[in-house]
Structure formats: structure tokens, C-alpha cells
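Only one structure is covered here, and it is reproduced in the block below.
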Amino acid sequence: MAIQVPVARPLNPRFSSGPCAKPPTFTLDTLSDAALGRSHRAAVGKDKLKAAIEETREILGVPADYKIGIVPASDTGAYEMAMWNLLGERHVEMLAWESFGAGWVTDAVKQLKLDATVKTADYGKIVDFSTVDFNNDVCFTWNGTTSGVRLANGDVIPADRDGLTLCDATSAAFAMDLSWNKLDVTTFSWQKVLGGEAAHGMIILSPRAVARLESYTPAWPLPKIFRLTKGNKLIDGIFSGATINTPSMLAVEDYLQALTWARSVGGLQGLIARADANTAAVTDFVAANDWIDFLAVDPATRSNTSVCLKFIDDRITDGAAFAKAIAKRLEAENVALDIGGYRDAPAGLRIWCGGTVETSDIKAMLPWLAFAFETEITAA
């Protein structure tokens with residue numbers, strides 16, 4: 001019997017997990033007010049950078065006494081900056097359940113050479129937070145971008161901890177409720193949930209983190225691009241729009257437009273609802289097909305942004321080759337671009353379901369996924 005080819009196609013086939021789809025209303029014309037050819041230290045540049053910080057604060061609900069800064073090198077730069085400035089004052093626990101968390105472990109143990117306690121979980125699972133001593137400094141990712149496993153909430157983190165919590169929230173911010181009173185350092189990048197342009201990161205510091213910065217000097221030298229203090233005082237300008245190095249004002253304008261769009265869909269709660277609706281469509285599809293499943297074992301810790309899937313049909317003999325063939329076929333049909341699983345993750349697919357993706361596009365793509373599966377399994 002001939003395999004039926006779906007009729008409907010997604011209007012936007014971009015389901016990459018980073019850089020992610022632009023907001024649905026995006027056009028190049030929306031960037032016409034960018035402060036191009038102007039110094040980022042001129043009033044117009046500073047005003048836009050400060051607006052980006054304050055809009056971020058308002059939409060995410062960041063407390064007024066927390067500091068928000070725009071820093072170089074995306075989320076990676078922001079998180080490295082946090083580790084190199086803050087770690088070493090007390091014992092640290094490194095938590096990892098996917099590749100990016102594992103990268104932070106490597107940096108702490110092999111680069112900073114800290115005698116850290118390392119706790120890991122296999123792909124699809126999460127570290128048991130009940131075993132973590134939060135009197136130590138604790139480093140973790142809120143959402144495992146390459147595993148599709150997230151922290152369900154901040155309840156497991158005590159509010160009266162002695163240590164600092166350093167949270168990589170790059171695929172969680174603007175799609176999940178972050179418990180600010182449980183987070184001392186939070187980092188993310190513009191190119192994830194809001195579909196902004198790459199190269200810039202955000203770092204958010206609690207008063208406790210600022211106190212550590214001003215009272216502790218690391219044993220290792222800090223490159224200029226990492227320095228957050230001068231003379232044991234926080235460089236406050238970083239958190240009011242005076243960036244460490246030259247930012248792209250075009251990327252800043254793009255982020256401002258993404259924040260404006262976020263407001264138009266209901267702010268944080270609207271963005272969460274959009275991501276949840278996208279993930280629900282995938283959940284219904286998985287429930288209806290016995291050859292595919294989520295990589296995340298527990299639905300309570302299943303991501304609503306980087307949704308990772310695995311093929312579980314017994315007829316598949318080479319999981320990696322099969323997943324690549326599916327992704328390649330969907331790309332050739334221009335119905336799903338860049339949805340192959342991360343290179344270090346188990347073989348499968350990764351579908352971005354963040355708020356910039358339309359649920360109608362997810363629903364139009366999924367029949368094509370079934371078509372690609374039936375085509376490849378028949379040819380195997």
C-alpha cells in the first residue's frame with residue numbers, strides 16, 4: 001500500500017533548538033530603528049541597552065534588587081563569567097544530566113581545578129536534588145537543552161541556603177517559571193526562547209551573589225572580558241547598559257523587538273502557554289504512535305522547549321542512521337529544519353517548542369514525521 005503524503009505544510013519549518021525561530025511577526029523592517037553606526041556609549045546606545053535590561057526584568061519578574069547585565073559570548077560567556085568570578089570560596093557541587101551541564105563540570109574540575117563533588121544522571125533522567133547540600137555552591141542547568149529534561153520547579157532548593165546557586169537557564173528563561181529567590185546567578189542567551197540573534201548573554205545576580213563578588217577574590221587571574229568588579233566593588237555600569245565590550249546594536253534592536261512581541265502575547269505567562277501548547281501537540285502525537293517516545297523518562301521533568309524524542313520500533317537496527325535519515329528527509333521536504341538530536345545525545349530528534357513557534361506549524365509538521373517514519377522503516 002502506498003504511503004500517503006501529507007497535504008498541509010508548516011508555514012515556518014524552523015524547529016531548531018538554537019538559534020531558534022524568530023517571533024512570528026518578525027521582518028527586517030522591524031530593525032529600522034537600530035542605532036547603527038553609533039557608539040554604544042552614546043546616549044542612544046545606552047538607552048537601548050538599558051531598555052533591554054529593564055524590559056527583561058519586567059517580563060521575567062526579576063526582583064528589583066537583582067542586577068541584570070548584558071555580557072559577551074552568549075550564555076556560555078555569561079556562565080563562564082559566573083564560575084570564574086564566584087567559585088572557589090567554598091566547596092562546590094556540579095550537577096549534570098546532559099552535555100552542556102557536563103561542559104560546566106569539565107570547566108570546574110579541569111580548568112579551575114576545583115575539588116568539586118560531581119553528580120550526574122543519564123540522558124532522560126535528572127540528578128536527585130534531595131541529595132544536594134546547598135550549603136555548598138551548586139551549579140546546574142534548569143533545562144537540559146540536549147536531553148529535554150528540566151527541573152520541575154525550585155521547591156527542592158532551600159531559601160535559607162548558605163551556598164550560592166549558579167543556574168544556566170538559557171533554554172528555560174521566557175518559557176518556564178524560574179524561582180528567583182532560589183537562584184543567585186542566572187544566565188541565558190537571546191537566541192533561545194525569544195529567537196533573538198546570537199553572541200550576547202545575560203547574567204542576573206542576586207544580592208547574595210553581589211556580596212560574594214565584593215568580598216571574595218579568586219585565586220586565578222581573570223581576563224578583562226570576565227571582570228565584574230574593580231577595587232572589590234561591583235562595576236555597576238555593566239548592569240545599567242555600559243557593556244564590557246562593544247555589543248551589536250543590530251542584535252540589541254532585534255532583542256528589543258522580541259521583547260515587544262513577548263508583551264503582545266501576554267508576557268511570561270503567554271510565552272509559557274504557547275510553549276506548553278506546542279509540547280502538548282507533540283505529546284498527543286507520541287501517545288498515538290507506538291514507534292516513538294520522549295527521551296525524558298518522567299513527564300514531570302519533561303521540557304516544554306527542547307523536546308527530545310527517541311525511536312523505539314524493534315525493526316530499527318541502527319538508531320543513529322535511522323534518526324539522521326528521518327531528519328534529512330524532513331529537511332528535504334522543507335517541513336522541519338534542524339531537528340536532529342544533539343551530537344552527544346542518544347540518537348533521536350529534537351523539536352523546539354518554545355513560544356516563537358506556532359502550534360499550527362507543529363501540528364502541520366507531525367504528520368510529515370509519521371510519513372518519514374513509514375517511508376524509512378519500509379525501506380529498511
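Summary table
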| item | result |
| --- | --- |
| Diffusion coefficient, µm² s⁻¹, Stokes-Einstein with Kirkwood Rh over alpha-carbon pairs of segment 87-137 at 25 °C and 0.890 mPa s | 218 |
| Length released on extending from ARG263 to ALA379, taking residue separation times 0.36 nm less the Cα-Cα span | 37.0 nm |
| Student exercise, the chain dipole from Lys, Arg, Asp, Glu Cβ charges, in Debye to nearest 20 | 1000 |
| Spacing of the two label points (7 Å from each Cα toward its C-beta) at VAL5 and SER248, in nm | 3.7 |
| Gain in span if fully extended, ALA287 to ALA64, counting 0.36 nm per residue against the direct Cα distance | 76.0 nm |
| Rounded, prolate or oblate (a/c below 1.5 giving rounded, otherwise prolate when a/b exceeds b/c) for segment 1-91 by Cα gyration tensor | oblate |
| Mean projected area (nm²) of the alpha-carbon convex hull when segment 231-336 is viewed from all directions | 12.3 |
| Fluctuation leader among ASN135, ASN153, ASN289 - the chain, Gaussian network, Cα springs under 10 angstrom | ASN289 |
| Label-point separation in nm, GLU214 to ALA42, each point 7 Å along Cα→Cβ | 3.4 |
| For segment 17-150, fraction of C-alpha pairs farther apart than 23 Å, in % | 51 |
| Accessible area of segment 216-274 belonging to carbon and sulfur atoms, whole % at 1.4 Å probe | 58 |
| C-alpha center-to-center spacing [segment 37-57, segment 283-302] in angstrom | 43 |
| Gain in span if fully extended, SER240 to ALA320, counting 0.36 nm per residue against the direct Cα distance | 24.1 nm |
| Long-range amide H partners of VAL149 with built H, under 5 Å | GLY144, SER303 |
| Under 28 Å, Cα to Cα: Lys pairs in segment 190-339, sequence gap 8 or more or different chains | 7 |
| Rg/Rg_ref, segment 148-187, where Rg_ref = 2.2 N^0.38 Å and atoms are Cα | 1.12 |
| At q = 0.24 Å⁻¹, base-10 log of I(q)/I(0) for segment 317-380 (Debye sum, equal scatterers on each alpha carbon) | -1.07 |
| Amide H contacts under 5 Å for GLN191, placed H, 5+ residues apart | GLY196 |
| Average Cα contact separation per residue, the chain, under 8 Å, 6 or more apart, as relative contact order % | 26 |
| Rg/Rh ratio calculated on Cα atoms of the chain (Kirkwood radius) | 0.99 |
| Gyration tensor (alpha-carbon) shape descriptor, segment 99-234, a/c threshold 1.5 | rounded |
| Cα-based convex hull, segment 128-174, per residue volume (Å³, whole number) | 83 |
| Whole-Å distance, taken between Cα centres, linking segment 353-376 and segment 65-89 | 36 |
| Amide H contacts of SER248 (H built 1.01 Å from N, under 5 Å, at least 5 apart or other chain) | none |
| Backbone HN-Hα couplings from phi across segment 181-194 [Karplus 6.51/-1.76/1.60, Hz, Gly and Pro as x] | 6, 9, 10, 9, 10, 10, 10, 6, 10, 6, 7, 8, 5, 8 |
| Percentage relative contact order, segment 72-203, counting C-alpha pairs under 8 Å, at least six apart | 28 |
| Solvent-accessible area per residue, Å², over the chain with all protein chains present [probe radius 1.4 Å] | 42 |
| Segment 235-278: radius of gyration over Cα atoms, expressed as a fraction of 2.2 N^0.38 Å | 1.55 |
| Phi to ³J(HN,Hα) by Karplus 6.51 cos²θ - 1.76 cosθ + 1.60 over segment 235-252, Hz, x for Gly, Pro | 7, 5, x, 4, 9, 9, x, 8, 6, 5, 9, 6, x, 7, 6, 5, 5, 4 |
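The values are calculated or read from the model by the stated rules, or taken from the named source; none is laboratory data. Here the structure is a predicted model, which is why all the values come from computation and not from measurement. Heads up, the Cβs are rebuilt from the backbone with ideal geometry, glycines too, and the neighbour counts pull from every protein chain shown. Side chains included, ligands, DNA and RNA excluded: accessible areas come from the protein's heavy atoms. Shrake-Rupley method; radii C 1.70, N 1.55, O 1.52, S 1.80 Å.
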